[in-house]
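The numbers here are math on the coordinates, done by the rules we state, and not lab data. Predicted model, so just to flag it, every value in this text is computed and none were measured. Here Cβ is always computed from backbone atoms with ideal geometry, including for glycine, and neighbour counts include all displayed protein chains.
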Amino acid sequence: MLLTVDSACGRMTTKSINSPYIVFGLGKTGLSCARFLAQIGENFTVIDTHENPSELENLKKLMPDAAVFTGISSYTPTDACEYLVLSPGVARSHPIVADALRRGIEVIGDIELFARHTNAPVVAITGSNGKSTVVTMVSEILSGANLKVRTGGNLGTPALDLLSPGQPDYFVLELSSFQLESTQSLAASVACILNVSADHMDRYKDFSSYVEAKQRIYNNAKCVVLNADDEILRDLRPACEAYFISERPEEAADYWIDTHDGTAWLVAGGERFMRVRDLAARGIHNAMNALAAVAITDRMAIPRSVQKRVLASFSGLPHRCQTVASRHGVEWINDSKGTNVGATSAAIRGVFSERQGVLIAGGRGKDADFSVLAGDVDGRVHSVILIGEDAKAIAASLEGHTNIHFALTMTAAVQLAAILAQPGHAVLLSPACASFDMFEGFEARGYAFAEAVKELESA
């Protein structure tokens, strides 16, 4: 059998390789797919459109005999090929994927491979915002109840790398819309969709397509936790049992936030069980995250005492509304993980609920609609400092709602924010954009912000 690879340079290469699996995309997830297939004794070929994908050297070190083709523009598999294993970063609209589907080759992802090789219960969590925080909360609550937990997926360890010998009591997986696109067999014990706001519109043909990808998480699930405050999720009618969380007591929900005698409480089934101020993770959005974690772990009958103990000590994840400094009465908050409009909207409402301040935003907008933020900044954010590729697009959406400034670098943005902020204010970095126009990732952007704030002390 022959395969044909058309390189980016137009050269043709012919090899005699029979591979039932093609792994398309050699990033972190693609490498984990190759490693897993090697472990179970399957023959595979790895392809990537980039000349030097991020995990190429690691693949060569771990599997020097693996068949790998990089810098390709097209690929014709042999008749022996049965599966195209798609990395999350590769769109299903790619011509190579379309060709595979026409040939009857099954297109799957790493989560589908995972689902086909485990029988342990799975908690599956997705959402446009907050999923990493809820995944971590749930994992720590289950661990606090002395259960064996393995956590990963879109967060941290790739799902297939969790399939080491020995079964845990639960897998807790963060799943992105990209991963869910190519997943059919996952049957979660508990599935959760936290929220759905426009994101990755540069990849999806419309918002409905993005929502449809997210909804795949509750296919075959035993039960699902949904956000009643999200208009789209409130109207869903999944085939399984559904539990709803809400920020507002008037909503028809099973878990909500209620204010009694001036104190905000987390409520489950009518029982006030924990004051919001006792949560270590601050902000109303984190109170909602805590409700989701409680709703999920209630399905495993975790004692309320364990849930409360963990939530009282879990202060949040790096780059997610993380306080990096308090200086001259101003709190500096790093929410670099706010890579879409929905995340930044939640951060603004949480951080500026009882104070005003300065917002630093901007980056690569992914064709987002920034007009949503106009209502959020009104009366809360007195100044916005914009950086990055889509700074002007954000400015156009916010004009007339706040004072707008521009900066060329993160350091310049922080220095300007220090001038604009007054005692009692907060300065929030929540970009509403991807970071790749200026940084290697949201982590690098967050570290740059924290370092620039630190430099203010020595200025």
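Remarks
- Formal net charge of residues neighbouring residue 40 (Cβ-Cβ distance under 15 Å; K, R +1; D, E -1): -3
- Percent of C-alpha pairs per 10 Å bin in region 3-104, short distances first: 15, 54, 30, 1.
- The HN-Hα couplings worked out from phi for region 326-336 by the Karplus form 6.51 cos²θ - 1.76 cosθ + 1.60 (θ = phi - 60°) are 10, 9, 6, x, 10, 8, 9, 10, 9, 10, 4 Hz, whole numbers, x standing for Gly and Pro.
- Exposure proxy order (Cβ contacts within 10 Å, fewest to most) of 265, 332, 256: 265, 256, 332
- The antiparallel fraction among DSSP beta bridges confined to region 3-104 stands at about 40%.
- Convex hull volume per residue in cubic angstrom - Cα atoms of the chain: 158 Å³
- Cβ charges +1 (Lys, Arg) and -1 (Asp, Glu), total dipole of the chain, debye: 720 debye
- Each residue in 240, 223, 33 was given a count of other beta-carbon atoms within 10 angstrom of its own, and listing them fewest first yields 240, 223, 33.
- Cut-off of 10 Å, at most 13 other beta carbons, DSSP loop: longest stretch of the chain lacking such trypsin sites (Lys or Arg not before Pro): 206-354
- Interchain or long-range residues, amide H under 5 Å from residue 156's placed H: none
- Entry note, the chain: the mean residue ellipticity at 222 nm calculated from DSSP H runs of n ≥ 4, each adding -39500 (n - 2.57), is -9000 deg cm²/dmol after division by the residues and rounding to the nearest 500.
- Its residues counted as N, region 322-458 yields a C-alpha radius of gyration over 2.2 N^0.38 Å of 0.91.
- Taking the fewest neighbouring Cβ atoms within 10 Å as the starting point, the ordered list for 37, 317 is 317, 37.
- For region 41-91, fraction of C-alpha pairs farther apart than 12 Å, in %: 69 percent
- Amide hydrogen neighbours beyond the local backbone of residue 323, cut-off 5 Å, H modeled: 334
- Alpha carbon Rg of region 114-311, scaled by the compact-globule rule 2.2 N^0.38 Å: 0.99
- Exceeding the 32 Å Cα-Cα cut-off - candidates 205/454; 222/308; 61/366; 214/454: 205/454; 61/366; 214/454
- Given charges at Cβ of Lys, Arg, Asp, Glu: region 166-279 dipole, positive-most of 176, 236, 193: 176
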